[in-house]
Amino acid sequence: MVAALALGHFLGPKRTGRGRVTPFESGIVPLGFARFRTSAQFYVVAMFFVIFDMETVFIFAWAVAAREAGWTGYIALVIFVVVLAVALAYEWAVGALDWAPQGRGRTVRARSPEEAS
């Protein structure tokens, strides 16, 4: 394999130019810069999506085996869904699902010595 790569490198064409170094994707000439910065919030929401998406897969699997699982499986599924609902409510309450920035953070007012005691 290494020999084939080396042979292709030495015997292959050596044409360079503007068109050879330009990124080309699916026949569309790119506009702008492809490497833009995304906030950490984007990745947090993406992780939440993957987590809750996988949990729906588990619920569908339970639905297929519902008769074999019986009441024990049903109770386990209800507990599972309640835990999911509590987790979603917590994420919503702490603002993990908010896309809009809330500013630079909370301002903390210094307490006077009279308030401290």
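Just a few scattered comments:
- GLU68 meets the stated requirement of being surrounded by fewer than 10 Cβ atoms within 10 Å (Cβ to Cβ) and assigned to a helix (DSSP H, G or I).
- Any hit, region 10-18, residues being exposed (fewer than 10 other Cβ atoms within 10 Å of the Cβ), in contact with an Asp or Glu (Cβ under 9 Å, 6 or more places away or on another chain) and either at pLDDT 80 or above or small (Gly, Ala, Ser) (or both): no
- Residue check, ALA34 more than 30 Å from the chain's Cα centre (by Cα), at pLDDT below 70 and aliphatic (A, V, I, L, M): no
- Qualifying residue in region 87-103 (condition: modelled with pLDDT under 65, in a loop (DSSP other than H, G, I, E, B) and over 25 Å from the mean Cα position of the chain (by Cα)): no
The values are calculated or read from the model by the stated rules, or taken from the named source; none is laboratory data. Quick caveat, the model's predicted, so the values are computed rather than measured. Cβ coordinates were reconstructed from backbone atoms using ideal geometry, including for glycine residues, and neighbour counts include every protein chain displayed.
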